[in-house]
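As structure tokens, the structure follows; a few thoughts come after it.
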Amino acid sequence: MTPQRLMILDAVCEGGGHTTAEEIYRRVRAKSPRINRATVYRTLDFLHEQRLVTAADLGGGRLVYEIAGETPHHHLVCRNCGEIEVLANEVVQRMYEAINQRYAFKVDEDHLVMFGLCEGCQGED
Ligand SMILES: [Zn+2]
Ligand SMILES: [Zn+2]
């Protein structure tokens, strides 16, 4: 882990949640003004490959990064109002087990994003 990578990892961490690459770039640049955008984006890809950060498309082209926690977590995203809820890992693990039993396929996605309608939006047309 190079100091530059560590600095970018810290910038993801500071978000305390979902952060866009652009926000991360701005944070890093505040500390290290000479860094360029391509380096930050490339490093985010690398950190994602290493599973140190998660990357998720929350719809509408909003790709967000987040520090990978000790236990995986997942999200339910409302298509209508954009509300994001945390989906418990145990629920997802049960689904993964069912998939594994039926298809002998081991899902290793540690940041699942599922779209639908939240309770408040279900009644609307
Ligand atoms: Zn997340
Ligand atoms: Zn909603």
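The values are calculated or read from the model by the stated rules, or taken from the named source; none is laboratory data. These figures come from a predicted structure and were not determined experimentally. Backbone-built Cβ (ideal geometry, glycine too); neighbour counts: all protein chains shown. To get the accessible areas, we keep the full protein, side chains included, count just its heavy atoms, and leave off ligands, DNA and RNA. Shrake-Rupley method; radii C 1.70, N 1.55, O 1.52, S 1.80 Å.
So the check is Cβ under 6 Å with 6+ separation or different chains; which pairs have a first residue in segment 106-125 that's closer than 30 Å to residue 50 by Cβ and a second one that's within 16 Å of ligand 1 (Cβ to nearest atom) and open to solvent by 40 Å² or more (accessible area, probe 1.4 Å)?
110/72; 114/76
In segment 80-125, which residues are within 13 Å of ligand 2 (Cβ to nearest atom), modelled with pLDDT of 90 or more and closer than 16 Å to residue 57 by Cβ?
Those that are within 13 Å of ligand 2 (Cβ to nearest atom), modelled with pLDDT of 90 or more and closer than 16 Å to residue 57 by Cβ: 115, 116.
Look through segment 56-68, keep the residues that are open to solvent by less than 50 Å² (accessible area, probe 1.4 Å) and not aliphatic (A, V, I, L, M), and return whichever of them is farthest from ligand 2 (Cβ to nearest atom).
By that ranking, first place goes to 65.
Give just the number: which of (1) open to solvent by 10 Å² or more (accessible area, probe 1.4 Å); (2) within 16 Å of ligand 1 (Cβ to nearest atom) does residue 53 not satisfy?
(1)
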